[in-house]
1. I need the full set of residues from the stretch 126-159 which are more than 16 Å from ligand 2 (Cβ to nearest atom), among the polar types (S, T, N, Q) and more than 27 Å from Ala101 (Cβ to Cβ), in order please.
2. Scan the stretch 15-65 for residues that are assigned to a loop (DSSP other than H, G, I, E, B) and small (Gly, Ala, Ser) and report the count.
3. Filter the stretch 140-198 for residues that are more than 15 Å from ligand 1 (Cβ to nearest atom) and polar (S, T, N, Q); which is farthest from Val37 (Cα to Cα)?
4. Taking interchain pairs and intrachain pairs at least six residues apart, which have beta carbon atoms under 8 angstrom, with the first residue in the stretch 4-32 and within 22 Å of Leu137 (Cβ to Cβ) and at pLDDT 95 or above and the second of a type in the set (D, E, K, R) and buried (at least 23 other Cβ atoms within 10 Å of the Cβ)?
5. Would you tally the residues in the stretch 11-21 being among the hydrophobic types (A, V, I, L, M, F, W, C) and touching a Gly at 6+ places or on another chain (Cβ under 8 Å)?
6. If you go through the stretch 1-10, how many residues are crowded, with 23+ Cβ neighbours inside 10 Å, within 12 Å of Ser212 (Cα to Cα) and touching a Gly at 6+ places or on another chain (Cβ under 6 Å)?
7. Restricting to the stretch 90-116, and then to whatever is in a loop (DSSP other than H, G, I, E, B) and crowded, with 19+ Cβ neighbours inside 10 Å, can you tell me which residue is nearest to ligand 1 (Cβ to nearest atom)?
Amino acid sequence: MNKCMIAPSILSGDFAKMGETVSNVEKWGADLVHCDVMDGVFVPNITFGMPMVKAIRPYTTLPLDVHLMIVEPEKYVERFCDAGADIVTFHPEASKDPRAALEAIKAKGKKCGLVVNPDKDISLVKDYLDIVDMIVLMGVFPGFGGQSYIESVSDNIALFAEEIKKSGRNILLELDGGVTEQNAARFRALGITVLVAGSATFKAADKAKAISVMRG
Ligand code: DX5
Ligand code: ZN
């Protein structure tokens, strides 16, 4: 069975102790730290912005995988890169010029990616397969942690994995939302290479074990 990388979402962590939280995520054996940025406009919830990314940066050597759920991401991508993000992803429908935003991230020497909601398909991102380093498939509608995985997304996973293969490029395929110790193996088998795991990591009694089970 394929192994994959695990990216705990700090959305499920203790907001009063974020430095400690990201150090712990590294100790538990995670591969990336997933940071969910929400603006209350693109999604019905508000989390944090560049200052949080900058504040946690010294507390881990793991790459910071910053998921922007904000309108007009092109206005902010460079500032997230400067704050310490290693990967910046956003929802293309929220941007007036997705390619310009992707190019701006690359110009900062960082990895860029696009996020696909459960009701969208490959046509949303097909034009950008020449530039993205990561595609994120949402397993839930974005806005909140702890939701149940939407089963119909599985049809998309195999299709996206195939398109990525055809592109001949080394593009990570991340699944975000609803991942558990129980369903992780299925997603690895379908071609997912990065699993976001918020509640599945933070609610586990043995967090290191949960990460290792999900990684495969
Ligand atoms: C949803 C966020 C996800 C979410 C994952 O809007 O983008 O990253 O926090 O949480 P779990 O793993 O609990 O579904
Ligand atoms: Zn996310």
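The values are calculated or read from the model by the stated rules, or taken from the named source; none is laboratory data. Since the model is a prediction, treat every value here as computed from it, not as a measurement. Please note: Cβ atoms are built from the backbone with ideal geometry, for glycine as well, and neighbour counts cover all protein chains shown.
1. Listed by number, the residues that qualify are Ser152, Ser154.
2. Counting residues in the stretch 15-65 that are assigned to a loop (DSSP other than H, G, I, E, B) and small (Gly, Ala, Ser) gives 4.
3. Top of the filtered list is Ser167.
4. Note: pairs meeting the criteria are Ala7/Asp65; Ala7/Glu174; Ser9/Asp36; Ser9/Asp176; Ile10/Asp36; Leu11/Asp36; Leu32/Asp65.
5. So in the stretch 11-21, the residues among the hydrophobic types (A, V, I, L, M, F, W, C) come out as 11, 15-16, 18.
Still in the list and also touching a Gly at 6+ places or on another chain (Cβ under 8 Å): 11.
Matching residues across the stretch 11-21 total 1.
6. Matching residues across the stretch 1-10 total 0.
7. Applying the filter and picking the extreme gives His91.
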